[in-house]
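Input: a single structure, listed below in structure tokens.
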Amino acid sequence: GEYRPVSETILNRPVYGSSLAQTNVTFRFIPDPKRARLALVVRGEVTSVTYSNAGPATVWNDGYGQYVAEKRMEITPWGLKAEPAVIDVQNTVRLRDVSTSLDSVPVLGFLTQEVARDQVARRRLEASEEARWKLAAAALREIETETDARFEELNQRLARDVLGPLHGLNLSPTWVGAETTNDRIVLRIRLGSAMQPGGHTLRPFALANSLASCQIHESTVNNFLAQLKLEGRTFTIAELQTKLREKLRLPELDRPEDNPHADAKITFASRDAVRVEFCDGRLSVVLSVAQLISSPNRWENFQVRALYKPEIDHDHIQFVRDGVIQLVGPMDMRSQIALRGVFSKTFSKERPWQVSPGFLEKNPNLSDLTVTELTLEHGWLGFSVGTRSAALNQTADRLQSPRERPTGPDGT
């Protein structure tokens, strides 16, 4: 709770004292078959002890107010769109005590107190109503000020860090559809130019006990890679490392002197220079090479394939190279050994690809959440976020043998 001083005017009389405000903020989903809608719900309680002077009398009051405010919003292709907040307030003001400057005078002090109490009683409803709408106005003003600033910052970051770079690569997100149920919001967004393909296979299902989940098709990543326009272009290995690591957020580069093949020149194929595949629990990165020159050797028309397996530690997700670099093309064993040496630094096994370095642990309010599932299958990458207890139950269920697992009435 938060203690606050009270300095207000009720029924044209100054009121002073202190109050204790407690708030609880939650979200609720607003079911809609075609839109992503939710509401920010703020529940508050305010207790107060105040006094006011009415002529010779000082009136002490205890106040108690409850309010429920709701601010509806919609997730759109252009950011978060919010409606004005609405509020419902219930307020009670009770007389605690009355004191007057004549209390020490027999009879007269008693009569003065009775007159003051009678005046308070006659105007109690009017005072309570004015206190109610002033509490509503103050709560709405605070909610609107706080949320407007947060939403504006969120939309600016979305435009600057996400939409801006995507528009620069001609990869404007296309809003495919949205749906809101009582317990989940589903967004479907296509990322690619008008001439690029999308996914056509069934996306993986999220865990039933997940709180949030995301599914990304490999075509999204490949559409992005295609906009790098590597086809037919020539780079040194060092230049290629720099470009790929900057765009794909790969680990820091080695120093040029640490890579003996940094000056080797690579010319990419005219089609599908770089692509990724999500299949059988692995991320596969494939380079199609028209020519590679590493003095005194020259190789032509081959592919380089590196497999990465996911590793999860709480909310840290990284991909680690799995196995040796695979080569496809007309070459002998000696050439394969030499080429693996060339690409071993580009796809380093010692330096994992950090995809999500602790995005939950940075927020103390999300400390009980963790990544409960990460799958790569049929062209899809899917992950779920849930509570730690759900993750432990999921792991325990997987460790059970088929005979130990509970079955339904039909034996499934």
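The values are calculated or read from the model by the stated rules, or taken from the named source; none is laboratory data. Remember, it's a predicted structure, so these values are computed and weren't measured experimentally. When we count neighbours, we look across all protein chains shown, and the Cβ atoms used for this are built from the backbone with ideal geometry, even at glycine. Accessible surface is based on the protein model in full, side chains and every heavy atom, while ligands, DNA and RNA are left aside. Shrake-Rupley method; radii C 1.70, N 1.55, O 1.52, S 1.80 Å.
Observations on the structure shown:
- Amide H within-cut-off set for residue 96, under 5 Å, with H built and near neighbours excluded: 60, 61, 62
- Largest to smallest accessible area among 10, 293, 337 [probe 1.4 Å]: 337, 293, 10
- Residue 279 contributes about 60 Å² of solvent-accessible surface, heavy atoms of the protein only, 1.4 Å probe.
- The distance linking the stretch 360-374 with the stretch 3-46 is 28 Å (Cα centroid to Cα centroid, whole angstrom).
- Accessible-area order (highest first, 1.4 angstrom probe) of the listed residues 60, 133, 78: 78, 133, 60
- Whole-number accessible area per residue in Å² for the stretch 335-389, which is evaluated in the context of all protein chains at 1.4 Å: 49 Å²
- Exposure of residue 225 as accessible area (Å², to 10), given a probe of 1.4 Å and all protein chains: 10 Å²
- Residue ranking by accessible heavy-atom surface, 1.4 Å probe, largest first, among 333, 73 comes out as 333, 73.
- Measuring with a 1.4 angstrom probe and ignoring ligands and nucleic acids, residue 51 comes out at about 80 Å² accessible.
- Here the label points at residue 150 and residue 34, each 7 Å from Cα along the C-beta direction, are separated by 3.0 nm in the simple model.
- Across the stretch 82-97, rounded Karplus estimates of 3J(HN,Hα) from the backbone phi angles (6.51 cos²θ - 1.76 cosθ + 1.60, θ = phi - 60°) give 10, 9, x, 6, 10, 9, 10, 10, 10, 9, 10, 10, 10, 6, 9, 6 Hz, Gly and Pro being marked x.
- Residues in the stretch 12-89 average 54 Å² of solvent-accessible surface per residue, probe 1.4 Å, ligands and nucleic acids excluded.
- Using a Förster distance of 35 Å, the FRET efficiency for residue 303-residue 167 (Cβ separation, nearest 0.05): 0.65
- Between the amide H of residue 273 and those of 231, distances stay under 5 Å, these residues lying 5 or more places away or on another chain, with hydrogens modeled in the peptide plane.
- For the cross-link pairs 71/134; 81/229; 229/345, the ones whose C-alpha atoms lie over 30 Å apart are 81/229.
- Fraction of accessible area attributable to carbon and sulfur, the stretch 276-359 (%, probe 1.4 Å): 51 percent
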